[in-house]
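Computed from the coordinates by the stated procedures, all read-outs in this text should not be read as laboratory data. Since this is a predicted model, take the numbers as computed values, not measurements. So basically every Cβ, Gly included, is an ideal-geometry build from the backbone, and we count neighbours across all protein chains shown.
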Amino acid sequence: MPTTIRIGLPPRRRGVALLAMGLLALPAIAAEGIRAGFAERDITPAIGQERPGGYGKAFHRKFHDACKVRVAVFADGTTTVAIVGVDALMLSRAVVQEARAGIARATPIAAGAVLIAASHSHSSGPVGMVQPGEYDAAPTDIRQLAYEHTAQADAAYLARVRDAIIDGVKAAQAALAPARLGFGVGHEDRAGFNRRFRMKNGQTWTNPGAANPDIISYAGPIDPDVGVIGAWTPDGRLLGVIVNHALHTNISPDGISANWVFHLEQTIQGALQTQVPIVFLAGACGDVSKLDALSRYERPSEGEWMRLVGGRVGAEAVKVLLAMHRGADVPLAARSKVWEIPRRAPAAASVERARRVVAAGKPSANPALTDWTFAKETLMADFLVRTAPRVEVEVQAIQIGPVVCLTDPAEYFVEYGLELKRRSPFPFTFPVELANGCVGYVPTEDAFGPKGGGYETRLTSYSNLAIDAGRQFAEAGVELATALKPGRVPEPPRVARPGVPWVFGNVPPQVD
């Protein structure tokens, strides 16, 4: 059974919880073979609904491809886990908890064994930034900034997404069938780039412009891993695929879209001649996107860029699927840690300056518009700090054999994802960002230092956790992963006895 531990428990209760988590006793490997089920549900927004992804308002005018809820469910005879990927910019903690509760009512799957992660598609439906009713108690001016000048979630759409998650998990659970799973990691290092750069002025800038002569170097790494789980029936029919990769889904296609995940799906399905669900889980990519400011070449159109990124990642996933071996001995486990992290408050002088900037009126062009936008965000963040000074967060570990998915609820900088992989005892570690809630950007502590910078470090209504939040997430993930016992990686049968030379091969050379 999954276990959630909340920090702050009395020592006696904490010991019981640690035992249940497996920190004092590792989970036993299930005796039964693995079963798997997959499903997907449509959550395509309507033309005219808000398009999230920025600090202001934008609206959908065209359709490109469908947005989906993508579900994988696994059961080993003792534990059942659900992995849900949602084509959405983000999902609030409230929506996640409502969906989990609905799943627990509709299926035998425990709420704590459900991982729900947003892909961060900037071309998806109205799920944020501002949540329904979030600023109802705010002063009139702050309420106006939130509801009239900021991307806002639509309550009816959120309910639709929640219900689609529940229905999708219910369908995948009903479809559970004996399976053979394979696991692997590919390498793709030309689709994504760190978008933060060290500049000659000593600061770090995000997206400083193509071929900017003031760039010194990238400010951080990328994670080229393409993690893949494949599920087949015992007779070899593909059931579904999970793909994990650390790259922003922030391309701007011509209309509503799952973003480059659409072309990831098209590439895998086309290569393998199948229509099975492809569940995408975004890795730690808060500072990784398709933009390479060091490139000296003209950028492709957004549509070409979507095909390029999704095709490259999808092609690598296909290579991994074709090479992996399959097995039925796949232990499952679910563990999580829930606690609260304080918001960081804007200084009084910053709030007063923000009031003056906002009161002067909204400009129509940059750079004044950017200054006004950050002033708006400062005032909104100030209200949140005063009314909800602490934020509930969750880090979850879902084990699927030799894979552990380690979640965070943030746009998490890639350095932390790489650290999780280094410190995890599992052969395959999949960091999963924007999972089970959303707290905005969580940069490294160095990004807030004298040589840091970039808009990810600005204090906004979207991103405002304490500077050490990323470190807290990493330590919680390592703690959960080390409490679990990795499953075996499937491999082909070993050679039973040495072979004999091939009769045409064991002859000496002939030179005359």
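Things to note:
- Cubic angstrom per residue, convex hull over Cα atoms of the range 149-273: 180 Å³
- Annotation: amide H of V432 within the under-5 Å range of L406, T407, D408, sequence separation 5 or more or interchain, hydrogens built in the peptide plane.
- Debye, to nearest 20: dipole size of the range 346-388, +1 on Lys, Arg Cβ, -1 on Asp, Glu Cβ: 100 debye
- Cα-Cα over 21 Å, subset of K170/K485; K200/K451; K57/K376; K200/K376; K421/K451; K68/K337: K170/K485; K200/K376; K421/K451; K68/K337
- Convex hull of the chain built on C-alpha atoms - directionally averaged projected area, nm²: 30.3 nm²
- At 1.306 mPa s and 10 °C, Stokes D of the range 469-512 from Kirkwood alpha-carbon radius, µm² per second: 96 µm²/s
- Highest average packing first - 65-73, 290-298, Cβ atoms within 10 Å: 65-73, 290-298
- Across the chain, C-alpha contacts under 8 Å between residues 6 or more apart give a mean separation that, scaled by the residue count, equals a relative contact order of 19 percent.
- Taking amide H as placed 1.01 Å from N in the peptide plane, the amide H of I43 sits under 5 Å from that of C67, K68, V69, each at least 5 places away or on another chain.
- By DSSP, the beta bridges lying fully in the chain are antiparallel in about 70 percent of cases.
- Taken one residue at a time, the phi angles of the range 307-317 give Karplus couplings (6.51, -1.76, 1.60, θ = phi - 60°) of 5, 5, 5, x, x, 5, 5, x, 5, 5, 4 Hz. Gly and Pro are set to x.
- Working note: Karplus 6.51/-1.76/1.60 with θ = phi - 60° gives the range 326-342 the couplings 10, x, 10, 8, 10, x, 10, 7, 9, 9, 8, 10, 10, 7, 10, 10, x Hz, where Gly and Pro are set to x.
- Ratio Rg/Rh [Cα only; Rh per Kirkwood] for the range 33-114: 1.07
- Diffusion constant of the range 210-303 at 37 °C, which comes from Stokes-Einstein with the Kirkwood Cα-pair radius and 0.692 mPa s, µm²/s: 209 µm²/s
- Aspartates and glutamates with Cα under 20 Å of K62, excluding same-chain neighbours fewer than 8 positions away: D42, E50, D87, D154, D254, E302, E304
- Multiplying the residue separation of R356 and V338 by 0.36 nm and removing their Cα-Cα distance gives an extension gain of 2.6 nm.
- Helix-only mean residue ellipticity at 222 nm for the chain, each DSSP H run of n ≥ 4 adding -39500 (n - 2.57), per residue, nearest 500: -9500 deg cm²/dmol
- Antiparallel beta bridges, as assigned by DSSP with both residues in the range 199-301, represent about 60 percent of the total such bridges.
- Relative to the Cα centre, the charge distribution of the range 211-305, modelled as +1 at Lys and Arg Cβ and -1 at Asp and Glu Cβ, gives a dipole magnitude of about 180 debye.
- Residue-wise HN-Hα coupling along the range 382-399, computed from phi with Karplus coefficients 6.51, -1.76, 1.60 (Hz; x: Gly, Pro): 4, 5, 5, 4, 6, 9, 9, x, 10, 10, 6, 10, 9, 10, 10, 10, 10, 9
- Computed over the alpha-carbon atoms, the range 398-476 gives an Rg to Rh ratio of 1.00, Rh here being the Kirkwood radius from the mean inverse distance.
- Once you reduce the range 129-161 and the range 332-396 to the center of their Cα atoms, the two points are 14 Å from each other.
- Rh by Kirkwood over Cα pairs, then Stokes-Einstein D for the range 346-388 at 0.890 mPa s and 25 °C, µm²/s: 235 µm²/s
- 19 Å reach of a label modelled at R61, 7 Å along Cα-to-Cβ, counting backbone N of the range 285-315: 301-304
- Relative contact order of the range 346-388: 49 percent, from C-alpha pairs under 8 Å at least 6 residues apart in sequence.
- Seen from all directions on average, the range 314-360 presents a Cα convex hull projection of 9.1 nm².
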